[in-house]
Structures are given as structure tokens and as C-alpha cells.
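> Quick one: the structure is below, questions incoming.
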Amino acid sequence: MNKLGLIAGNGVFPLEVARAARERGIKIRGRALNESDPALDSVIDEVTWIKVGELQKNRLTYSRTQASRKRRWPAASHARA
């Protein structure tokens, strides 16, 4: 079985990624920042809610997900006029 480790921030992108992975039968473990969409609870198999300042200490836990694919996407930039 494929596995995915996901660190979710705000916006719709993490939820869409999780839904697409679930549709493909991929098991998802993740960390969701407290600003993330609460709907992630129903899509991610194992989710832990964390504060932004806790990301650093969760790096080791994330590396233990043994995900078959680990990808980092650049953070979305929000241009201001």
C-alpha cells in the first residue's frame, strides 16, 4: 500500500491533495496546522493538529511516516497590491 505524509497549512490545496490520494487508495498520515481546514479530519487516516511553532519538533515524526513518496511544494505566495 502506498503511503503519503502530509503537512497541511491553510487553503484548499492540502484538502484537495488528501482527497485525491484517498481516492487512489493511498494511506495518509499528516500534521495539520491549527489554521487548516477542519474537514481534513475526515479525509486523513491519522492527523495530528499542531501550532505553527511546533513544526520543527515534528520533523522527526514526519520522517518516520515511511511514506512511499515525499514531496515538498513551495508555500503559496500571496501577492499584495
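The values are calculated or read from the model by the stated rules, or taken from the named source; none is laboratory data. Bear in mind the structure is a predicted one, so any value in this text is a computation, not a measurement. Cβ coordinates were reconstructed from backbone atoms using ideal geometry, including for glycine residues, and neighbour counts include every protein chain displayed.
Let's see how each residue does on (1) of a type in the set (V, I, T); (2) out of contact with any helix residue (DSSP H, G or I) (no Cβ under 8 Å at 6 or more places or on another chain); (3) modelled with pLDDT of 70 or more; (4) closer than 13 Å to A8 by Cα:
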residue: A32; (1), (2), (3), (4): no, no, yes, yes
residue: W49; (1), (2), (3), (4): no, yes, yes, yes
residue: G53; (1), (2), (3), (4): no, yes, yes, no
residue: K57; (1), (2), (3), (4): no, yes, no, no
residue: R64; (1), (2), (3), (4): no, yes, no, no
residue: A75; (1), (2), (3), (4): no, yes, no, yes
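> Cβ contacts < 6 Å: first residue basic (K, R), restricted to region 11-29; second residue part of a loop (DSSP other than H, G, I, E, B), any location; separation 6+ or different chain. Result?
Hits for this filter: K27/M1; K27/D45; R29/T65.
> I'm checking my understanding of the structure. Among residues of region 1-41 that are charged (D, E, K, R) and touching a strand residue (DSSP E or B) at 6+ places or on another chain (Cβ under 9 Å), which one is farthest from L55 (Cα to Cα)?
As a first pass, look at region 1-41 and keep what is charged (D, E, K, R): 3, 16, 19, 22-24, 27, 29, 31, 35, 37, 41.
Of the ones still in play, those that are also touching a strand residue (DSSP E or B) at 6+ places or on another chain (Cβ under 9 Å) are 3, 22, 27, 29, 31, 37, 41.
Numbers: K3: 20, R22: 24, K27: 21, R29: 15, R31: 9, D37: 17, D41: 18 Å.
So, considering only residues that are charged (D, E, K, R) and touching a strand residue (DSSP E or B) at 6+ places or on another chain (Cβ under 9 Å), the one farthest from L55 (Cα to Cα) is R22.
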